[in-house]
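Data block below; observations after.
Here, each number is a calculation from the coordinates, and none is a lab measurement. From a predicted model like this one, the values you see are computed outputs, not experimental measurements. So basically every Cβ, Gly included, is an ideal-geometry build from the backbone, and we count neighbours across all protein chains shown.
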Amino acid sequence: MTSLSSSLLLPIIVFLPLIAALVGFMSSRNTFQGQLNIGFAFVQFLIVVLMAILFLDEQSYQSAVYQIGTWGAPLGIDLVVDGFSILMIGLTGVLTLILTIYGAAYYADDPKSLRFWPLWWLLIAGLNALFVSGDAFNIYVCLEIIGLSAAALVALQSTRTSLEAALRYLLVGLLGSLFYLMAIAILYRSHGTLDLAQIAASSGNGLPDQVAMILITIGLLLKIALFPLHFWLPQAHANAPTPVSAILSALVVKASLYVLIKFWFEVLSGSTTFGASQVLGVLGGIAIVYGSWKAFRAKQLKVLIAYSTVAQLGYIFLLFPLSEHAANTSSFSGSASQAAIYFIVAHACAKAAMFLSAGNLILSQGSGDIAQLKGIATREPVNVLIFTIAGVSLIGLPPSAGFIAKWLLLTTSIESGQWWWVLVVLSGGLLAAMYLFKILSLAFDNTLDDGAVQIQPKALSSKVLTSSALVLALITLALGFNAEFILNISHPPVGVSGI
Amino acid sequence: MNLQIAFDVMLMLNCLILAWMSIFSTSLFRCIVLFVCLGLLVTIAWGQMGAFDVAIAEAAIGAGITGALLLAAWNRIKPENEDAQPAQPASEVNNRGAR
Amino acid sequence: MFNQIDLEYNGPVNDPKASWLITVCSVLGFLIVLTLVLLNYDAHNAGLRPYVEGSLSSSGVTNPVTAVLLNFRAYDTLLEIAVLLIVVIAVLPLRNAKTSLVRCIEVTNHDLVLTSLQRWLAPAVLMFAGYLLWAGATQPGGAFQAGALLAGACVLMFQTGVYRVNYTSIMARSLMTCGLAMFIAVGLALIWFEGSLLKYPQDYAGVLILLIESGATLSIAICLASLYSSLIDIPGKGHAATSESGS
Amino acid sequence: MSSALLYSITGLGLFAIGLLGIVLAGHVMRKILALNIMGIGIFMLLIAIAKQDGSFVDPVPHAMVLTGIVIAAAGTALALNLMVRLHRMSDPKQRKPK
């Protein structure tokens, strides 16, 4: 056997979840179901860690390529990893492990687990396949896997609202993919290849590429739910089962974002313009304010968190104007991209932790209404603590991952001379503080309710559910102290400014 | 050659008209039937373009299976008193999926 | 656009909230730009055709589309079968493990047309599906077309007549997964033997492709048929029927 | 005007009609049909791209269309399933034991 390199592991991380899905589909309900799936998640985690170590060890920071069937780029499909995709795969591996443990407890004795596990693993297979894909059409297939399995997972509850949310989510996802496919057709017409690296090499012949870029951007913005196209997200994320909500907010929207960043900065970087990036930035800014406001007005805990996702996604879109200005040519290597990458990681961990703790609170309280959370801190101190830690990260207070992410954004916008983004970031933080303190002040309010009937508390949420959420919260905190680590994975060490 | 072009133009015009009608017809049933017709028309067009594999697949999956699924779904959502449409004999509507 | 999920059967054809003027104008503008792109910019001269022709002889089949689908870009096809599986998992009723594949149900009203259709057409469709699968190596045809035809035959056989497939039985589930499972197994085995994922050895390429295609055909057929049947009986109702095992 | 160009433009037209349908049509089933028509438009464009020169045919877009057709059918099936389930849930008069 030739010496082990990170590229050799690429097919494995796609096929392992697929095998797990097949096993989950074939097996009937038994007591080992949870352990089996945790086992799969753990193996995947180990492979991902091994892959990251090997990738960092190779140290060239060149992308590693795996040619399927040894056909090579234009004819066959190449799997490619670079720093950014290693980071996303690593994030997927870690979150999958924790969320699978959570899901095993959540679905311990629920007949729906028969449908949950295969769909869950297919979703993860789609995510992994997307992050390693180096082929434009292959990315389309991966997007469809993710979109369909995510919609099916949202529909798992089979309540009226969740079915409605799932149907809307599915239609939006299909529409977004069709836009993407149209762009691929145009790209294939003018470049004669589907390989991303080859399209990038022959890029820059004007109008066709720009039209393709517009189509890709519209399609993926639909899937990412940037401000005017966000209408489907709150219902879909709020009505899904808790582990699904967590993965939707933490990874699924980020997957489309990953594709958009890849096309915007690598594949079709020649066709992007300053004006277009400003538009994306402005939409992001509106999303921050609007999402925070809607979160503040929300009546349901999960809807609040979902609107907070809309707002937080807005921050990541500040990447586009900021990096455009940084070096006159848009490239995904400046400090703006570091800020965005850090924001993706920080938001994924914090939002997953928040959804899990909110799910625990709802399980324990028996209701998702915010008004019912009054005084819950005395009964569920740990979960409220987790919620607080995640909230601190979302607001961007030290010491947390969110603080570093916002700090990077602020310094970048000052460096690039676009000071107006500073105002947006700061006001977004204030608004986030408003809606989160609203929850916390209710949770710590121990005064007796005057009129409303006190709900009889249900069973305290189980230890597994709480501890897996706690682990995520601790990761969020730990990321606040180890910023260099994340930044070094995604980029060659260049010295992080301001830390 | 001119005949060929004329045929193509007719085919394409028909496709566009059918596409419009299969979304904006008043009756949902008619929409579905027209969609299946569009699928078959497109099959001919793709045969013209030398894409025989795709034409067979479109006829079998795009028009056939999708059409069957659409009709089955239509059968489930139509109101109870909604009797057979003009295009369909009354005896076939028995909640078992129209063929 | 999707804010309201409209399910009113006799509702208006148009979404009352959508603005016709804005939509038509923007879509027309879009159309014009795209048409300009097509008219003014030439296509890449040959696409990937030279590459496919160059490698066709070592692909194991002579139909170039089959070669692309199951050899050069087999990874896409593998993921595509997974897409089909997602939908099947999502729509299958939560299952009752102890049931056999095919059940016999009592038919109250024999429909002469359907019965004879079933008796005469189904075997013919079956034969033709087999032919399409076999011919896929050299001529137009292949796993997807054959699978769809087979699904049509399944629907004809089982939805209307005496027999009924229990799509949640272990046998049906094995048939649904066998395509993907075989694909994955072959792909991973080839890593071991040939050193790369889905790299068929040249001598066995044709056989392996036919093997994968047969599995995929069966899976696609039963998956599509189950999609149809799950749409027909959505509130899973039990059949007071005598069970009969075997396929 | 070559026939490939004619087919390409028709493909764009189908895409645009589908897009109009998505935004303007009322019933969910119309939207599902509109999505399918958008898909057909893209497939037609791809098939026209495969035959740019008139004499020979590029098989790769054909394979893409085949994959796309199966994915579109799968998406349609899931959407229809959700639609019917939602329909039976939202209208109690419809929910009768068969």
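For this structure, a couple of remarks:
- Computed with the Debye formula from one identical point scatterer per Cα of the range D:3-90, without solvent, the log10 of I(q)/I(0) at q = 0.21, 0.25 Å⁻¹ comes to -0.96, -1.15.
- The chymotrypsin sites (Phe, Trp or Tyr not before Pro) of the range A:371-424 meeting both criteria, a DSSP state outside H, G, I, E and B (loop) and at most 10 other C-beta atoms within 10 angstrom of the site's C-beta, are A:W419.
- Seen against the Cα atoms of chain A and their longest principal axis, helix A:463-481 is set at about 50 degrees.
- Over the protein assembly as shown: helical MRE at 222 nm, DSSP H runs n ≥ 4 each giving -39500 (n - 2.57), nearest 500: -22500 deg cm²/dmol
- Here the dipole of chain A is about 1160 debye; that uses its Cα centre as origin and unit charges on the Cβ of Lys and Arg (positive) and Asp and Glu (negative).
- Rg ratio (alpha-carbon, reference 2.2 N^0.38 Å) - the protein assembly as shown: 0.91
- Amide hydrogen neighbours beyond the local backbone of C:G142, cut-off 5 Å, H modeled: C:L133, C:G136
- Taking other C-beta atoms within 10 angstrom as a stand-in for reagent exposure, C:T115, B:T26 fall in the order B:T26, C:T115, fewest first.
- Cβ-defined net charge surrounding C:A148, 14 Å radius [Lys, Arg +1; Asp, Glu -1]: -4
- Spatial separation of Cα centroids for the range A:303-321 and the range A:196-265, in angstrom: 13
- Other protein chain Cβ atoms within 10 Å, averaged over every residue that makes up B:26-39: 3
- Whether the range C:1-58 is rounded, prolate or oblate, judged on the alpha carbon gyration tensor where a/c under 1.5 counts as rounded: oblate
- Distant-in-sequence amide H partners of A:Q300 (H built 1.01 Å from N, under 5 Å): A:I370
- With a 10 Å cut-off around each Cβ of C:222-229, the average count of Cβ atoms from other chains is 5.
- In chain A, the longest principal axis of the Cα atoms and the axis of helix A:253-262 are about 20 degrees apart.
- Scanning residues 5 or more positions from A:D135 or on other chains, those with amide H under 5 Å from its amide H are A:L196, with H placed 1.01 Å from N in the peptide plane.
- Using θ = phi - 60° in the Karplus curve 6.51 cos²θ - 1.76 cosθ + 1.60, the 3J(HN,Hα) couplings for the range D:75-82 round to x, 4, 4, 5, 5, 5, 4, 4 Hz; x is entered for Gly and Pro.
- Averaged over A:231-240, number of beta-carbon atoms from partner chains that fall within 10 Å: 1
- The alpha-carbon atoms of the range A:113-187, seen along their principal axes, cover 41, 22, 12 angstrom, with the largest extent given first.
- Whole-Hz couplings from phi, Karplus 6.51/-1.76/1.60, listed for the range A:117-134; x for Gly and Pro: 5, x, 5, 4, 6, 5, 4, 5, 4, x, 4, 4, 4, 5, 5, 9, 6, x
- Shape call, the range A:104-147: gyration tensor on alpha carbons, a/c limit 1.5: prolate
- At R0 = 30 Å, FRET efficiency that the Cβ-Cβ distance of A:D110 and A:L385 yields, to 0.05: 0.65
- In degrees, nearest ten, helix A:83-106 long axis to first principal axis of chain A (Cα): 30
- Across A:K262/A:K463; C:K199/D:K51; A:K223/C:K199; A:K302/B:K78, pairs whose alpha-carbon gap is larger than 32 Å: A:K262/A:K463; A:K223/C:K199; A:K302/B:K78
- Annotation for the range A:356-390 versus the range D:1-46: alpha-carbon center distance of 48 Å.
- Legend: translational diffusion of the range B:2-92 by Stokes-Einstein, Rh = Kirkwood radius over C-alpha pairs, 25 °C, 0.890 mPa s; D = 171 µm²/s.
- Ranked by how many other Cβ atoms sit within 10 Å of their own Cβ, fewest first, the residues A:H347, A:H191 fall in the order A:H191, A:H347.
- Fewest-first ranking of A:S177, C:S230, A:S427, using other Cβ atoms within 10 Å as the exposure measure: A:S427, C:S230, A:S177
- Remark: the protein assembly as shown carries a charge dipole of roughly 2420 debye about the Cα centre, counting +1 on each Lys and Arg Cβ and -1 on each Asp and Glu Cβ.
- Proportion of all alpha-carbon pairs of chain A beyond 37 Å (%): 23
- Packing-based ranking, highest mean first, of C:177-186, C:49-58 given that Cβ atoms within 10 Å are counted: C:177-186, C:49-58
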